[in-house]
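The values are calculated or read from the model by the stated rules, or taken from the named source; none is laboratory data. None of the values given here were measured: they were computed from a predicted structure. Using ideal geometry, Cβ is built from the backbone for each residue, glycine included, and neighbour counts are taken over all protein chains shown.
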Amino acid sequence: MRRWMGFVMALLVAGVTPALAQQKSTLDKIGETGTLTIGTRTGSPPFGYVNAKNEWVGFSIDLVDELIKPALEKKLGKPIKVEKKESTPPTRIPLLSSGAVDLVAETMTDTRTRRDSVDFTLTYFVTGAQFLVKKGSPIKGIKNIDGKRIASQQGSTNARIIRERAPKAILREFPDQPAAFQALAQGQVDAYTNDGIQLAGLKAKSPNPAQWDIVGDFYSYEPYGMALRKGDADFRNVVNAGLMEGIESGKFFEIYEKWFGPKGELPYPMSPQVRSFMLLQVVPK
Amino acid sequence: MRYQFNWSVLWTGESGLWLLSGLITTLELSIVAWLLAAALGVVSGALRTVRFWPLRVAATFYVEFFRNVPLLVWMFFWYFAIPPLLPQLVQDWLFAHGLEFWAAVCALGVYSGARFSEVLRSGIQSIPRTQLEASVASGLTTFQAYRYVILPVALRLIIPPGTNESLNLLKNSSVALTISVAELTFQTRQIETYTAKAIEALTAGTVIYLILCVSIATIMSWVERRTAIPGLIVGGRQRR
């Protein structure tokens, strides 16, 4: 038996190690294949979702298409195309590490723990966690969820904070947002917690938005960044340069307006603090 | 650029505890679902071979209906579609008392039962028809003939494919994480959330499943040898 297990472990290690060791730089890979593969969401409006016309769109996807893609094309001197794959909180880091995707552009919070495994671009959106409840629910924020059943998305930062700050709450973690929302709609859980902006998107897209309330102060700080494979500074510089040029030229704010402006998918005006934070992230040429 | 392994994430912090609680949940879920599946499988497998056709049709319907829909769909079915059909009071009670676990037991048990059923049917049908006829001729009722003659032989015959299905059940229990049951795969993802070390966490899960399944397979092959019927099942390996 022991001999046998040793053999299995050897197989596993032999299978995994070379695959990781042989990775070449992402820029070379994109140059060769002419394709930038991104991981993004299918059910997180308005960052990445499939709309009523069955098109895969969103704010994060637009940033890649309109800011990062041109920057990469300029750097590589040839046209590239963007290919989308679905990623979710539990799968996005493995997808990136294994090389299945080159860039995760969805709703990923930049954290110090995650920076041990992946690198992040500039912050392109700022939000915080709240709760979505049925109208009239006694839940008003993180202070009164003890003993309540709270749905969250598995692999998100929210679940972790709930576990630390409200250990008496009963956490129910779902792999994706539609399942968690369904559980809330049917009463399997009392509230669903996620980043405020995502709850607003979910509420707006639900069949009966007036039925839902978003409650509580932000109980966390969630700066969104795009994730890249760790230690590939050349690729990250090009991606960041694309974002910086977009912020500098105002194109970034146009895209923001398209999704979050008064006529956008989800009106969510950018506060003056966030605007100046975005501008301050841009370093000189 | 190279991925940096950090295996210590598996034993620092709460990781070990999470893996243990995930393992326990996986075992609880699998054992309860297995009991349900075995009961359903034996009854419906036997019914599929009886003369009386309405029972045969009912058992065939059960098998074809439940084994031909993906397990994931059954998970959502028992978790999301069944509770709204129940009275409000029952619903509230269920929601407050671990509905996820029982929905997963039903989904896994009923689905695997349909697969066990086919295994048992093939076992029964491999026994010459004359055995049943001889039992009935000796004065046993059909029920008694199945209970005392056919099933004891059939159940021994199907140990290898039955073990196969049981291992499938154990591994399929990981689908329960889609309805928020905190089993082993769920906990490996949990470690990944806290440490952002996916490959280490997945490897831990893989090794635990592997050890579990290999142990069960080893025990069952011992059971198989012990219960072999001389002359009828010789087995791939002769006892010295």
Completion exercise
Subset of the range B:171-198, residues at pLDDT below 90 and more than 8 Å from chain A (Cβ to nearest Cβ), comes to B:Ile191
Problem - Candidate set from the range A:88-132 (those that are small (Gly, Ala, Ser) and away from chain B (no Cβ under 14 Å)); member that is farthest from A:Asp62 (Cα to Cα) - result: A:Ala129
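Listed here are the residues, each with its yes/no results for (1) charged (D, E, K, R); (2) in contact with a helix residue (DSSP H, G or I) (Cβ under 9 Å, 6 or more places away or on another chain); (3) over 14 Å from A:Val64 (Cα atoms); (4) not assigned by TED's automatic domain parsing to the domain that holds A:Tyr49.
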| residue | (1), (2), (3), (4) |
| --- | --- |
| A:Lys205 | yes, no, yes, yes |
| A:Pro209 | no, yes, yes, yes |
| A:Val239 | no, yes, no, no |
| A:Glu248 | yes, yes, yes, no |
| A:Phe252 | no, yes, no, no |
| A:Lys258 | yes, yes, yes, no |
| A:Gly264 | no, yes, yes, no |
| A:Gln273 | no, no, yes, no |
Problem - Within the range B:199-213, considering residues that are within 18 Å of A:Thr113 (Cα to Cα) and more than 8 Å from chain A (Cβ to nearest Cβ), the one surrounded by the most Cβ atoms within 10 Å (Cβ to Cβ) - result: B:Ala201
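Residue-by-condition table, conditions (1) among the small types (Gly, Ala, Ser); (2) exposed (fewer than 15 other Cβ atoms within 10 Å of the Cβ):
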| position | (1), (2) |
| --- | --- |
| B:Ser135 | yes, no |
| B:Tyr148 | no, yes |
| B:Val153 | no, no |
| B:Val175 | no, no |
| B:Gln187 | no, no |
| B:Thr193 | no, no |
| B:Lys197 | no, no |
| B:Ser215 | yes, yes |
| B:Thr227 | no, yes |
Completion exercise
Flagged in the range A:95-145 as small (Gly, Ala, Ser), within 29 Å of A:Gly34 (Cβ to Cβ), in a loop (DSSP other than H, G, I, E, B) and touching a strand residue (DSSP E or B) at 6+ places or on another chain (Cβ under 8 Å), in numbering order, are A:Gly99, A:Ala100, A:Ala105
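Working carefully through the options B:Leu55, B:Leu19, find the one that is over 12 Å from the mean Cα position of the chain (by Cα) and either on the phi > 0 side of the Ramachandran plot or crowded, with 21+ Cβ neighbours inside 10 Å (or both). Even if it seems obvious, please write down each step before you answer.
Numbers: B:Leu55 fails: either on the phi > 0 side of the Ramachandran plot or crowded, with 21+ Cβ neighbours inside 10 Å (or both).
Exactly one of B:Leu55, B:Leu19 is over 12 Å from the mean Cα position of the chain (by Cα) and either on the phi > 0 side of the Ramachandran plot or crowded, with 21+ Cβ neighbours inside 10 Å (or both), namely B:Leu19.
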Exercise for the section: Only helices (runs of 4 or more DSSP H) wholly contained in the range B:28-102 count here; list those with 1 or more residues that are of a type outside the set (Ser, Thr, Tyr), closer than 30 Å to B:Thr130 by Cα and modelled with pLDDT of 95 or more. Expected result: B:53-67
Fill in the blank from the handout: Within the range A:138-156, residues being buried (at least 16 other Cβ atoms within 10 Å of the Cβ), out of contact with any Leu (no Cβ under 9 Å at 6 or more places or on another chain) and either within 14 Å of chain B (Cβ to nearest Cβ) or in contact (Cβ under 8 Å) with a residue 60 or more places away in the chain (or both) number 6
Handout entry: Count of the range A:157-182 residues which are more than 19 Å from B:Glu183 (Cβ to Cβ) and either in contact with a strand residue (DSSP E or B) (Cβ under 7 Å, 6 or more places away or on another chain) or away from chain B (no Cβ under 11 Å) (or both)
Key = 12
Completion exercise
Considering residues that are farther than 25 Å from A:Arg275 by Cβ and of a type in the set (S, T, N, Q), the number found within the range A:119-155 is 5
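More than 10 Å from chain B (Cβ to nearest Cβ), assigned to a loop (DSSP other than H, G, I, E, B), more than 19 Å from B:Ile191 (Cβ to Cβ) and touching a residue at least 12 places away in the same chain (Cβ under 8 Å): which single residue out of A:Lys78, A:Lys85 fits that description?
Going through A:Lys78, A:Lys85 in turn, just one is more than 10 Å from chain B (Cβ to nearest Cβ), assigned to a loop (DSSP other than H, G, I, E, B), more than 19 Å from B:Ile191 (Cβ to Cβ) and touching a residue at least 12 places away in the same chain (Cβ under 8 Å): A:Lys78.
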Exercise for the section: Considering each of A:Ala200, A:Ala191, A:Ala185, A:Ala204 in turn, give the residue that is within 12 Å of chain B (Cβ to nearest Cβ) and of a type in the set (A, V, I, L, M, F, W, C). Expected result: A:Ala185
Handout entry: the range A:183-196 residues that are of a type in the set (D, E, K, R), paired with ones that are outside any helix (DSSP H, G or I) (beta carbon under 6 Å, 6 or more apart)
Key = A:Asp190/A:Lys148; A:Asp190/A:Arg149; A:Asp195/A:Thr127; A:Asp195/A:Ala129; A:Asp195/A:Glu222
